[in-house]
1. So how much accessible area does MET69 have, in Å² to the nearest 10, using a 1.4 Å probe?
2. Hey, what's region 129-181 come to in accessible area per residue, 1.4 Å probe, Å²?
3. Net charge around TYR177, counting only other residues with Cβ within less than 14 Å of its Cβ (Lys, Arg = +1; Asp, Glu = -1)?
4. Find out how many positive minus negative residues lie around PHE136, taking Lys and Arg as positive, Asp and Glu as negative, among other residues whose Cβ is under 9 Å from that of PHE136.
5. At most 12 other Cβ atoms within 10 Å and a DSSP loop assignment: could you name the trypsin sites (Lys or Arg not before Pro) in region 111-186 that fit?
6. Pull up the cross-link candidates among the lysines for LYS24, meaning alpha carbon to alpha carbon under 30 Å and not fewer than 8 places away within one chain.
7. Given H placed 1.01 Å from N in the peptide plane, which residues other than close sequence neighbours of ASN131 have an amide H under 5 Å from its amide H?
8. With every protein chain present, what accessible area does ASP28 have (1.4 Å probe, heavy atoms only), rounded to the nearest 10 Å²?
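The values are calculated or read from the model by the stated rules, or taken from the named source; none is laboratory data. All figures in this text were calculated on a predicted structure; none of them were measured in a lab. A quick note on method: Cβ atoms are made from the backbone with ideal geometry, for glycine too, and the neighbour counts reach across all protein chains shown. To get the accessible areas, we keep the full protein, side chains included, count just its heavy atoms, and leave off ligands, DNA and RNA. Shrake-Rupley method; radii C 1.70, N 1.55, O 1.52, S 1.80 Å.
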Amino acid sequence: YQIEWLEITQSGISPSSTQNFGIKFGQDEDPIIRNVLIYGIVGSTHTGRQAIGFGSGGSRALPQIINSMIFDIGGGTSDASGGIGIKMNAHNAAVGALNCTIHDCADVGAYGGIGVDATNLDVRNCISTDNANADFDGTYDTKDYDLSSDTTADGANSLVSEASGDQFVSNSSSPGYNLLLKAGAG
């Protein structure tokens, strides 16, 4: 199935005890997700229930996430609540995140921007900045032409330690996110 041209937010909603997702796909689903904007997904008040922009529900899910933006994911009051931009755990075949921007995901656990419990994820031409812990976390099959504000965009042709303030028109919630690229960005 395909999911295209959606804006998904929970802005203004208080954290609860449940885990919140922008889009969650199941164990054997192979979605193509294009041109989706996800932001303001709130974290949980319980430990280990982070807010997740895009998340897979099992190791056989084969998503393709293309031309999408995920930002301002997190919040919550627990030590382990917060946010993950994209979390995938596909072990059996290549999946991909292509031409995506992930910014300001506030997680205090193992992930932040793009987190992988797999070895088959292709991440290409993605910008991942100002995410807690790591902009890219896990083992990837291919990382190429990516940009991070930390040193985790370590694939071929990638840029590391790039300040998000040099990339975006406005990189914070105050006065308001504007993730359009500045002239001369990365």
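1. It works out to around 60 Å².
2. Each residue of region 129-181 exposes 49 Å² on average to a 1.4 Å probe.
3. Working: positive: LYS182; negative: GLU7, ASP72, ASP104, ASP130.
With Lys, Arg at +1 and Asp, Glu at -1, the neighbours total -3.
4. On the way: positive: LYS143; negative: ASP135, ASP137, ASP146, ASP150, ASP154.
Once positives and negatives cancel, what remains is -4.
5. Details: sites: ARG124, LYS143, LYS182; in loops: LYS182.
Listed in order of number, the matching sites amount to none.
6. Answer for LYS24, where 30 Å is the Cα cut-off: LYS87, LYS143, listed by chain and number.
7. Residues meeting the amide H criterion: ASP104, CYS105.
8. Its accessible surface works out to 100 Å², give or take rounding.
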